[in-house]
1. What number in nm² do you get for the protein assembly as shown if you take the convex hull of its Cα atoms and divide its surface by four?
2. Please report the spacing between the Cα centers of the range A:3-37 and the range B:39-96 in Å, no decimals.
3. Take the Cα radius of gyration of the range B:3-72 and divide it by 2.2 N^0.38 Å, with N its residue count; two decimals is plenty.
4. Using only helices, what value at 222 nm comes out for chain B when you add -39,500 (n - 2.57) per DSSP H run of length 4 or more and divide by the total residues, to the nearest 500 deg cm²/dmol?
5. Given a Förster distance of 45 Å, report the FRET efficiency between A:Asp168 and B:Gln261 from their Cβ-Cβ distance, rounded to the nearest 0.05.
6. If each residue of separation counts as 0.36 nm, what is the full-extension length gain between B:Ile6 and B:Ala182 once their alpha-carbon separation is subtracted?
7. Tell me, what is a quarter of the convex hull surface for the C-alpha atoms of the range B:184-227, in nm² with one decimal?
8. How far apart, in nm, are the 7 Å Cα→Cβ label points at B:Phe83 and A:Arg186?
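All of the numbers you see were taken from the coordinates with simple rules; none came from a lab. All values derive from a computational prediction rather than experimental measurement. With ideal geometry, Cβ positions are generated from the backbone for all residues, glycine too; neighbour counts draw on all protein chains shown.
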Amino acid sequence: MKKEGYQAIVIGVSAGGLAALSKLFGCLPAGFELPVIIVQHVHAKAIRQRFTHFNDKCPLTIKEAEDKETIQPGFVYFAPPDYHLLVEREETFSLSIDARVNYSRPSIDVLFESAAFVWSSGLIGILLTGANNDGAKGMHWIKEYGGLTIVQDPLTAEYPVMPKAAIDAGAADKILPIEDIGELLRAFSGSVDRGELNLRGFDNERPTKNIDRG
Amino acid sequence: MKKTDIENMEITLLLEAMFMRFGYDFRHYSRASIERRVRQFQGKSGGSRISEMIPKLFYDESFFEVFVREFSITVTDMFRDPFVYLSIRKNVVPILKTYPFVKIWHAGCATGEEAYSLAIVLKEEGVYDRTTLFATDFNDAALDVAKKGIYALDDARKFTANYQAAGGRSSFSEYYHARYQAMALNKALAENITFANHNLVTDSVFGEMHLIICRNVLIYFDKALQDRVLNLFCDSLVHGGILCLGTKESLKFSTVGNRFQTIDEDARIYRKKAL
């Protein structure tokens, strides 16, 4: 059942990503209804290992995003190394080899912007640990187009620079440690009673915008 | 109506305007890539609304020139994805050697790095002298750069590493000399290369090729245009001719998939079946 709620999640992570994502994946329930799309800055050498590393920690199917592939729930898609990942309005992927952004390709900013134009207020953007500024601008776009932006609490991040940059840019709706991000995601998937959520003090309110969701 | 829906309409109109006024057809490019470029350009030209760029396109010649330049150039590396060039040496060169004269088409050559990379491979494998290499792009500014064969000296290290990983038989420094803080490739490499303007969206077959290389161009097209171009390539190949795509591109969604056999799936090297 597709609620009038969130439709997709984009995640950006850089240094410290292996541990951070493993932890976040562990919080996701089987049957999680939202597709998850990830840009992870990772060294070429570490790329082959990462899927095997994540596979047993994640209830969803993990794969590399393919050009023109349809985006579906039940999957976690990773941007391929050395390509930017974009999203089309038909909810398919497009790849690009445009110049690096923030010295990065794939760039978190590029994915986040593209996803913001497609899903607007139906998008959740999550920025985790990292050592550069990629993603701060992207989070700003997501917020501007009505989506929800969640930043990993820099105090809990292995590399706090990236989350902190987004917070300093005023682009963070919520600042949470990973376990709490996981809890919040479970709620948006309908796996947790929203009433129960309120008791724990999570602000369930979506940011108000003048953009009509119609 | 969502703001982003309105902006999408503006982009559609902008692309129509480009086509009507100048004949540049970006209407079947991947919309997400186009949108990104339009917004980057919007930012640079003072942040006016997307549709406000349309009158400028019609009446301001200099605006159009800058606009198209932003739209078209992608920079690439020499020997990008070295394992592909290794596969070309191992799997494709022996086939090329069976022909007395070889015609190769490098489609979407942009600023030329990959065309020169191929030229180096052909030289080292002893096939260069019998080869004519057509390197085409629809963007004249990119072709101008390609013809000069001058690149940033800062990239020398990266290119050298790629060259070696691609099975380079000699040393990359043999192929260029440093000049005014730049890397100037040897003129000899360009002798058998013809740089020409060709638009994959609108132009047709111009010759029969033994090898067509088109890497990381199709990703910028939508599915329909990808299919048009793959058909064009199929029609441009001799029987038994070779097609090499970018490592994240494929024949999977195309109508010509069954006319090719796979030589190296990872390197995206295919061979047109004989009748």
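1. On the way: hull surface 97.5 nm².
Projected area, direction-averaged: 24.4 nm².
2. 32
3. Working it through for the range B:3-72, the quotient is 0.98.
4. After summing the helix terms and dividing by residue count, I get -12000 deg cm²/dmol.
5. Details: r = 55 Å, r/R0 = 1.23.
Taking R0 as 45 Å, the efficiency between A:Asp168 and B:Gln261 is 0.25.
6. 58.9 nm
7. Over all viewing directions, the range B:184-227 projects a mean Cα-hull area of 4.7 nm².
8. 3.9
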